[in-house]
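S.K.: Just passing along the structure, written as structure tokens.
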Amino acid sequence: MSSITLALSKGRIFEETLPLLAAAGITPTDNPETSRKLIIGTNRPDVRLVIVRATDTPTYVQYGAADLGIAGKDVLLEHGGAGLYQPLDLNIAKCRLCVATQKGFDYAAATRPGGRIRVATKYINSAKAHFAAKGVHVDLIKLYGSMELAPLVGLADAIVDLVSSGNTLRANNLEEVEEIMSISSRLVVNQASLKLKREIIQPVLDAFAGAVK
Ligand code: PRT
Ligand code: MG
């Protein structure tokens, strides 16, 4: 019997995917927040979940180690989307990709056409494209987390990071100076899996589409 594997990350994506899974008649048999298992079964013998780091989801699906996955637009833009079919915006894990600086930094002056700015981010591709479109020279510094620290200790003038409530920026005396794009998570499907396992995958796609708010 054919079966499918869905790649999910712990935390907000897992939580917000549960109602979509329920709409497709899928209930996980373990909670990844409390279990240490990386492969989680479901009530359906033909559907299993694999728990991966959010940034790794597109890679598992690209190589067919998972047939489907759920990943943020931020992550997909950095990955590039090779080998992935992206049929559905799930409208979950919503936030925005922004530029933020310390309060009082003259962002307008730094980003006049021909200007130059030093930016710390884990979103190198998105940041590069954003500043290129503005005609601003950008020196990018790659970080893997806690971007908010960089302007406070003089590592960068600005950061490009995700913002949802704005509490993290406020707590660190930073302010949002420009929105780059709004972000939500998408369903991604391995292109070969969609052809070979259509009879299992298509009803899941249809159920997810019907349940999207
Ligand atoms: O946390 P980890 O390092 O393991 O990986 P991750 O941060 O890539 O994964 P996770 O699970 O935190 O995020 C998964 C996806 O959720 C991201 O790829 C986004 O598409 C989406 N998402 C939605 C967010 C946020 N909202 C969000 N607020 N991802 C991260 N944040 C972070 C942000 O980077 C910042 O540090 O939350 C902080 C800001 O939140 P506020 O509420 O203080 O503004
Ligand atoms: Mg995180």
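The values are calculated or read from the model by the stated rules, or taken from the named source; none is laboratory data. Keep in mind it's a predicted model, so treat the numbers as computed, not measured. Every residue, glycine as well, gets a Cβ built from its backbone with ideal geometry; the counts of neighbours run over all protein chains shown. Heavy atoms of the whole protein, side chains included, go into the accessibility calculation; ligands, DNA and RNA do not. Shrake-Rupley method; radii C 1.70, N 1.55, O 1.52, S 1.80 Å.
S.K.: From the residues in region 150-183 that are assigned to a strand (DSSP E or B) and acidic (D, E), which one is nearest to ligand 2 (Cβ to nearest atom)? Lay out the reasoning, then the answer.
M.R.: Quick first cut of region 150-183, residues assigned to a strand (DSSP E or B) only: 158-163, 174-183.
Pick out the ones that are also acidic (D, E) and you get 161, 175-176, 178-179.
Details: D161: 10, E175: 21, E176: 18, E178: 22, E179: 19 Å.
Here the answer is D161.
S.K.: What number of residues in region 47-63 are away from ligand 2 (no atom under 16 Å from the Cβ) and in contact with a helix residue (DSSP H, G or I) (Cβ under 6 Å, 6 or more places away or on another chain)?
M.R.: Number satisfying all stated conditions: 1.
S.K.: Is it true that some residue in region 119-128 is of a type in the set (V, I, T) and in the same structural domain as A82 (by the TED database)? Can you show your working first?
M.R.: Looking only at region 119-128, we keep the residues that are of a type in the set (V, I, T), and these are 119, 121, 124.
Right, trim to in the same structural domain as A82 (by the TED database) and you get none.
No, region 119-128 contains no residue that is of a type in the set (V, I, T) and in the same structural domain as A82 (by the TED database).
S.K.: Of everything in region 14-39, what is within 16 Å of ligand 1 (Cβ to nearest atom) and in contact with a Leu (Cβ under 9 Å, 6 or more places away or on another chain)? Give them in sequence order.
M.R.: Within region 14-39, F14, E16, T17, L20, P32 meet the criteria.
S.K.: Condition first: of a type in the set (S, T, N, Q) and within 14 Å of ligand 2 (Cβ to nearest atom). Now tell me which residues in region 3-24 satisfy that.
M.R.: First, the residues of region 3-24 that are of a type in the set (S, T, N, Q): 3, 5, 9, 17.
The one that is of a type in the set (S, T, N, Q) and within 14 Å of ligand 2 (Cβ to nearest atom): S9.
S.K.: Can you list residue pairs whose Cβ atoms sit under 9 Å apart, with the first residue in region 130-149 being within 16 Å of ligand 2 (Cβ to nearest atom) and the second being open to solvent by less than 40 Å² (accessible area, probe 1.4 Å) and among the acidic types (D, E)? Count only pairs 6 or more apart in sequence or on different chains.
M.R.: Every condition considered, the pairs that remain are M147/D161; E148/D161.
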